Amino acid sequence: MTKVIKNGTIVTADLTYKADVKIDGGKIVEIGPDLSGDEILDATGCYVMPGGIDPHTHLEMPFMGTYSADDFASGTRAALAGGTTMVVDFCLPSPGESLLDAYKVWDNKSGQAACDYSYHMAITWWGEQVFDEMKVVTEELGINTFKHFMAYKGALMVNDDELYASFKRCAELGATPLVHAENGDVVAELTAKLLAEGNTGPEAHAYSRPPQVEGEATNRAIMIADMAGAPLYVVHTSCEESHEAIRRAKMQGKRVWGEPLIQHLVLDESEYFNEDWDHAARRVMSPPFRNKQHQDSLWAGLASGTLSCVATDHCAFTTEQKRFGVGDFSKIPNGTGGLEDRLPVLWTKGVETGRITANEFVAVTSTNIAKILNCYPKKGAILVGSDADILVLDPEKTKTISAATQASAIDYNVFEGVEVKGLPRYVLTRGYVAVDDGELKAKEGHGEFVARDANATVNTALSKWKELSAPRPVERTGIPATGV
Ligand SMILES: NC(=O)NCCC(=O)O
Ligand SMILES: [Zn+2]
Ligand SMILES: [Zn+2]
C-alpha cells in the first residue's frame, strides 16, 4: 500500500521546494508534483523534512547507582512524539567488561524500540581485549563510533594514554572517536573542596564544572586525535571555551565536530539557584547549564557551521532518583530529558527567531548527523531510495510543554511551561505513521537497528593524508663515516 504526503513544502538541508512524496515499503519511491497513492497525508501549510536523528541518548542506562528512567519503549515513544525518528544510544561496558557483552545487553533492551536506532560503543577501560574487540564491533556489529569519558573519575573516565591508544585504533579501523570532554581530575578536586566547605546543594554541581574544565579537555582531545590521525566528535559542547577549541581546530583543517544540546542552548545556570532543591537537582547534568554568553556562542556556532549537530543527551531520572543526592550534590544522578522537545524547542527558539534557517534546522537535527555517523542518505534525507523517516511539521501548531502530557516516563520536564510553535502533524518511521494528525500511535518493537559502516569518506581521506604526511627518514647521500 502506497502513501503520499501531498501539498507540503519539502525542506532539506540545502533546498526548499514544493512537491509531493510517495512512499512504498518503508522507502521514499517518488518525489514530484501531483502524485497519487492509496493513502493521502495532507501537508497543506506544512514543511516536509527528514525525521530528526538524536545522536546522543542514554536509555535505561546504568549510571551513578541507578538506571535512567526512560527505556527504549518510552524513550523512542517520546522521540516520535517530537518528530525524532532515529536515536543513537551508547553501549556501556563496565570497566573490565567485554565490549561484546555490553552490545548483547543493549541488543536485548532495544527490541522495544518504536523508531530506528543505532549504537555508539563506550571505551571505559583499555587492554588487549578492548583493542581486539573494537575490530569486531566495527566490522561485524555495524558500530563505527567509540565514546570516551574524560570525566567521571573512578567510574567511566579514561586517561590520556588510553585515549591515545583508542583513538589510534579508531584511525586504523576507520572509526570515529567521541569524547565527553571535561577534565575529570580537576572536577574531582573541585568537588571534594566544595563539599568540604559545605557547598552540598545542586548549585555546587555547576561550581564544580566550570567552562575551563570543558575547554581544556576539548582542546586536549582534539590534539590527541590529531596525533592519532583520527577525526573527533565532541558531545554536549556547552561553552565558548570548548567551542573555541573546536572552531580553531576546524579552521586548521582538523576533522572535528561539536554537538550542543538543546538544553544548553535554551536553559541557563540560574536554574541551579532556584530555592526549590528538586527544581535545581532535576537540572543537574554534565556539563552544567551555562550563562547567556555561552548560549550565544553555541547559537553562533550553529549558524556559522562551526558546530554541527543538536542533540539531547536524553538521560532522564525521576525526582526520587535525583534525591539520592540530598546533602551531597555529587550523588545526584547526572542527566536530563529532552527527546520529545528537541525539535519543537529548536524550531521555536531557532527558526522562529531567525537565529537559524529552516534548512540549517534540518542540517543540525538530521542531515549532518547522518553524514557524520555514516548512515546518509538512508537516514537524514528526503530522496528517492531513502528510508521514509519523515517529519511533517506544522509551523502554526502550538503547545505549552508540560510533564503532564509528555511521553517520557519521568515526573517533570526541564522545559515545563515553554511555549512552542512548530509541531508534528505527521511523523513517519520507515513509512509507518507514528504521529497521525497530531495523535501519537507509536508501535513498540517497530524500530530496527541501523548498522553503520566504518571508513566514511572523511575517515578515508584523513588516513590517506596522515599516511602521506607521516614522518619518514630523509634519503641522504654523503653520510659521513661514523667517528671512532
Ligand atoms: N550528561 C549527563 O549528565 N549524563 C549522561 C551521561 C553523560 O553523557 O555524561
Ligand atoms: Zn557525557
Ligand atoms: Zn551522554
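Contact annotation: residue pairs with Cβ atoms under 6 Å, 6 or more positions apart or on different chains, pairing a residue in segment 433-451 that is modelled with pLDDT of 95 or more with a partner that is assigned to a strand (DSSP E or B) and polar (S, T, N, Q), are V450/S118. When we screen A206, A171, A181, A175 for residues that are closer than 30 Å to E275 by Cβ, crowded, with 19+ Cβ neighbours inside 10 Å and within 25 Å of the chain's Cα centre (by Cα), the only hit is A206.
For segment 219-231, give me each residue that is touching a residue at least 40 places away in the same chain (Cβ under 8 Å), more than 16 Å from ligand 1 (Cβ to nearest atom) and in contact with a Leu (Cβ under 9 Å, 6 or more places away or on another chain).
R220, I224, A225, A228, G229, A230, P231
Summed over segment 127-170, the residues that are among the β-branched types (V, I, T), in contact with a Leu (Cβ under 6 Å, 6 or more places away or on another chain) and either more than 20 Å from M227 (Cβ to Cβ) or part of a helix (DSSP H, G or I) (or both) give a count of 2.
Looking across segment 7-34, the residues that are of a type outside the set (D, E, K, R), assigned to a strand (DSSP E or B) and open to solvent by less than 20 Å² (accessible area, probe 1.4 Å) come down to I10, V11, V21, I23, I28, G32. Across segment 330-346, not a single residue is classified as β-branched (V, I, T), open to solvent by 10 Å² or more (accessible area, probe 1.4 Å), away from ligand 3 (no atom under 16 Å from the Cβ) and touching a helix residue (DSSP H, G or I) at 6+ places or on another chain (Cβ under 9 Å).
Annotation: Q252 fulfils all but one of (1) of a type in the set (S, T, N, Q); (2) more than 22 Å from A311 (Cα to Cα); (3) touching a strand residue (DSSP E or B) at 6+ places or on another chain (Cβ under 9 Å); the unmet one is (3). Checked against (1) away from ligand 2 (no atom under 16 Å from the Cβ); (2) open to solvent by 10 Å² or more (accessible area, probe 1.4 Å), K153 passes all but condition (1).
The values are calculated or read from the model by the stated rules, or taken from the named source; none is laboratory data. These numbers come from a predicted model, not from an experiment. Counting neighbours? That spans all protein chains shown, and the Cβs are built from the backbone with ideal geometry, glycine included. Surface areas here come from the heavy atoms of the whole protein model, side chains and all, with no ligands, DNA or RNA. Shrake-Rupley method; radii C 1.70, N 1.55, O 1.52, S 1.80 Å.
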